[in-house]
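See structure below.
No lab work stands behind these numbers, since they all come straight from the coordinates. All figures in this text were calculated on a predicted structure; none of them were measured in a lab. Backbone-built Cβ (ideal geometry, glycine too); neighbour counts: all protein chains shown.
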Amino acid sequence: MHARLSILTALLLVGTAVADLQERVHTLVKEAGFTSREVSVAIRECGSDTLVCGIAASMPRTPASNEKLLTSSVAARVLGSDFQFESRLLRRGNDLVVDADGDPGFGDDALLAEMQWPDGRPMNSTDLLDIWAGWVKASGMTSVDSLIVDDRVFDREYIPDEWPREQLHMRYCAPISGLNFSCNTMCFRPVPAGTRVDASDSWPPWPGIRIVNTMKRGVKGRDKHTIRADRRVGEDVISLSGTVPVPTTSPIEITIEEPALKFGQMLADRLHLLGIDVQTVRLTKPTDPPAAGTPIAPSIVTPLSTVLRRCNHDSYNLYAESLLKRLAHETTRRPGSYADGRRIMTSMIERAVGKESGLHIADGSGMSRLNSISARAMTAWLCTFDPANDDDAAFIDSLPTPGEGTLKNRFKSSNLGNTRVLAKSGYLRRVCALSGYIRCPSGRRFAFSILVNDTNRIRPAKRLQEQIVALVASSQCDHDP
């Protein structure tokens, strides 16, 4: 009898706590000046898969960069935590073959900066080219008939149709290729020089790029530091304008076109500097045999864990889109495509959370406004991931915590106690999203998704998201044993 009363009492307490949380979240939404027309909230306890709070939770919303949670998590399961991207340089007769693997980290200066030369200098993407060229020289080759870039791991649909054409020169709209290098961008660090502005500090040395520099030198302390970098779609002309009163500290990045072919031409240029002439540079044709030959240089390898981290921790769109296409290739053994990637992701997620999820996948990064999912489905999917499973943990561990990555400036005024929050933010015009996990000291885990659409009040939306997460942490975790 007493045992039955204890169980009943526990159930009543849980029910009361859930009802209280629901009411308090409703109050926060109302006090912030939002309604369920703009805000969806879902809080789910992962162990019991219980939805402990829901406001318009089944409403399909635009997730913005929260789409990366879906792409990276599916990729972790399809590819596995031990997966590595591998870019190879092969010799076949008197030809060189670059066997690309769709690696978004190949030549990424942020990753190379973690490596050093013996004299302590950080490595950069141009150094990587010279390392490969040096190995070719050391092999004894004095000429190359054809330098062939095999980029067939992906198809050649470089940009999703839904991406805004007027933004394709921006870093976050870099093209997605079977061979990505240096994030498929060109970097500039302009500095005042005499009466002009010098833009010669640029990298990597992409061939065929024409720079139009109309930047003006400003006066330190009087003029604002403003630089505009632009490039028309389909052209290799980069225009730099604006005022530069002091040296630029953070590089200006702008996308380039046809990165795979340009990489081959760039490698040929580095070989030429070593006295090795390359007769022809080309991409593979559909009729070419599979990449084969003898490795002539060390392979360039990027672990999946690194790619997941750059995707979620740093929110790089190129990384998410490459994951989508690479998981498609891994599953179909065809060139990775958006069509296959969307189909595979949709099938896996709907099999786990049901077809009434509001799910529509347009791209891998969330740049497209045609992406949609409900907060209820997002939390149901996140709760299928178990940190005790290596593949699942690879995804979970890639998420930033407050104070780092894309959450660097989030939760600064929140009291989270010993609760651990791992989450992904997302922003587009009139869209603010935050989804992830709340991990209590006792080990209890909650998945949350707070999707705000159709609003210009982004700062209040961020504050509301943080208040809801802090409320869950205090109401659900504070009394953990």
Lys, Arg +1 and Asp, Glu -1 on Cβ, resulting dipole of the chain about Cα centre, debye, nearest 20: 1540
Positive end of the dipole of region 84-304, charges at C-beta (+1 Lys, Arg; -1 Asp, Glu), about the Cα centre: which of Thr280, Ser241, Leu111 has its Cα farthest in that direction? Ser241
Backbone HN-Hα couplings from phi across region 372-379 [Karplus 6.51/-1.76/1.60, Hz, Gly and Pro as x]: 7, 6, 8, 4, 4, 5, 4, 5
If you fit an axis through the alpha-carbon atoms of helix 2-31 and take the longest principal axis of the Cα set of the chain, what angle between them do you get, 0 to 90°, nearest 10? 60
5 angstrom amide H check on Leu168, placed H, neighbours 5+ away: none
Out of all DSSP beta bridges with both ends in the chain, state the antiparallel percent to the nearest 5. 80
Kindly write out, for region 230-244 in residue order, the coupling ³J(HN,Hα) from the Karplus curve 6.51 cos²θ - 1.76 cosθ + 1.60 (θ = phi - 60°), rounded to whole Hz, with x marking Gly and Pro. 9, 7, 6, 4, x, 10, 10, 10, 9, 9, 10, 9, x, 10, 10
Given H placed 1.01 Å from N in the peptide plane, which residues other than close sequence neighbours of Leu147 have an amide H under 5 Å from its amide H? Leu96, Thr280, Val281, Arg282
With a bin width of 5 angstrom, please list the P(r) values of region 110-239 as percents of all Cα-Cα pairs, from the 0 bin to the one holding the largest distance. 2, 7, 13, 16, 17, 17, 14, 8, 4, 2, 1, 0
How big is the gap, in Å, between the Cα center of region 368-405 and the Cα center of region 180-256? 37
Amide H within-cut-off set for Ala423, under 5 Å, with H built and near neighbours excluded: Tyr437
Give a residue-ordered list of calculated ³J(HN,Hα) values for region 154-164 (Karplus: 6.51 cos²θ - 1.76 cosθ + 1.60, θ = phi - 60°; whole Hz; x for Gly, Pro). 10, 6, 10, 8, 6, 9, x, 4, 7, 6, x
Mind running the shape call on region 27-75? Use the C-alpha gyration tensor, a ≥ b ≥ c as the square roots of the eigenvalues: rounded below 1.5 for a/c, prolate if a/b tops b/c, oblate otherwise. oblate
For each cysteine in the chain, check whether another cysteine's C-beta sits under 4.7 Å from its C-beta; list those where none does. Cys53, Cys173, Cys183, Cys187, Cys311, Cys432
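For n ≥ 4 DSSP H runs only, could you compute -39500 (n - 2.57) per run for the chain, divide by its residues and tell me the 222 nm figure to the nearest 500?
So the helix-based figure for the chain works out to -10000 deg cm²/dmol.
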Based on Cβ point charges of +1 for Lys and Arg and -1 for Asp and Glu, what charge dipole magnitude is obtained for region 84-304 about its Cα centre, in debye rounded to the nearest 20? 960
For region 194-324, inverting the pair-averaged 1/r of distinct alpha-carbon atoms gives a Kirkwood value in Å of 18.6
Mind checking the alpha-carbon convex hull of the chain and giving the volume per residue in Å³? 176
What's the long-distance tail for region 294-394, i.e. % of Cα pairs beyond 23 Å? 33
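Going by average Cβ neighbours within 10 Å, how do the peptides 280-291, 305-316 rank, with the highest at the top?
305-316, 280-291
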Sticking to Cα atoms, compute the Rg of region 70-169 to one decimal and its Dmax as the biggest Cα-Cα distance, whole number, in Å. 17.3, 48
All lysines inside 24 Å of Lys216 as judged from Cα atoms, apart from same-chain residues fewer than 8 positions distant: Lys224
What's the angle, to the nearest 10 degrees (0 to 90), between helix 317-332's Cα axis and the longest principal axis of the chain? 90
Listed peptides 436-444, 346-354 by packing density, highest first (mean Cβ within 10 Å): 436-444, 346-354
Helix 125-138 sits off the longest principal axis of the Cα atoms of the chain, rounded to the nearest 10 on a 0 to 90 degree scale, by 50
Using mean Cβ contacts within 10 Å as the protection proxy, how do 148-158, 79-89 order, highest first? 148-158, 79-89
Based on the Kirkwood radius over alpha-carbon pairs, what is the Stokes-Einstein translational diffusion coefficient of region 84-304 at 4 °C with 1.567 mPa s viscosity, in µm²/s? 69
Would you calculate the volume per residue, in Å³, of the smallest convex hull containing every Cα atom of region 379-475? 101
